[in-house]
Amino acid sequence: MISRDAADGEGVADNPWGARAVLQFFVGGAVLFVTALSLIFSSVSDYDTVFSLLVLGVFAVVVAAVSMVGAFVVGLPLRLIAGLRSRWLANGELTVVGAVVGLSACCLLIAFAPVTDVTAELGTSPSREPIGWALFAAWALFALSVAHFAWPRRWRRS
């Protein structure tokens, strides 16, 4: 069943678990995976073995999957309540701003994190230690914005 959105006359699916949700879950998960992998490799400056590289890759997959599931659970009201869903789709600028601010904050937190020495099997190497709660908050904002991304209607060509 399709209802008409009063804002611009475009049809919005009444099913919150339709194609939009599935597409956002997998595309958003891929975006979060690539971003997590980039941030993880930028915070570690030395690698022991090829195995450590694989472990960091698996860790990025886990972070992306947990982030997408968590963002979808937190954002359930956006999908289940028709009034919130229409406002969310009408104000897509918020998701763009949230994604940009969250990703920028993650990058800055890692870039300006203090460098400490980490001891591993092959010796001591430098590594960055960002502020955990701030990195979590920035990543959560980024993940929520990516999971519920809506291209702003005002930016679309008519």
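Filtering region 80-130 to residues that are β-branched (Val, Ile, Thr), in contact with a Ser or Thr (Cβ under 9 Å, 6 or more places away or on another chain) and over 30 Å from Thr49 (Cβ atoms) leaves Thr95, Val96, Val97, Val100, Val101.
Among the residues examined, Gly123 qualifies as free of Cβ contacts under 8 Å to residues at least 12 places away in the same chain and open to solvent by less than 60 Å² (accessible area, probe 1.4 Å). Per the conditions (1) of a type in the set (A, V, I, L, M); (2) surrounded by 15 or more Cβ atoms within 10 Å (Cβ to Cβ); (3) within 24 Å of Ser67 (Cα to Cα), the sole criterion not satisfied by Ala90 is (3). Of the residues screened, Val27 is one that is within 13 Å of the chain's Cα centre (by Cα), of a type outside the set (Asp, Glu) and either at pLDDT 85 or above or open to solvent by less than 60 Å² (accessible area, probe 1.4 Å) (or both). The condition (being more than 11 Å from the chain's Cα centre (by Cα), free of Cβ contacts under 8 Å to residues at least 60 places away in the same chain and under 23 Å from Val27 (Cα atoms)) is satisfied by just one residue among Ser86, Ser104: Ser104. Within the option set Ser52, Ser3, Ser42, Ser67, being among the polar types (S, T, N, Q) and either at pLDDT 90 or above or in contact with a Lys or Arg (Cβ under 6 Å, 6 or more places away or on another chain) (or both) holds for one residue only, Ser67.
The values are calculated or read from the model by the stated rules, or taken from the named source; none is laboratory data. This is a predicted model, so every value here is computed, not measured. In this analysis, Cβ positions are derived from the backbone assuming ideal geometry, glycine residues included, and neighbour counts consider all displayed protein chains. Heads up: the accessible areas ignore ligands, DNA and RNA and are worked out on the full protein's heavy atoms, side chains in. Shrake-Rupley method; radii C 1.70, N 1.55, O 1.52, S 1.80 Å.
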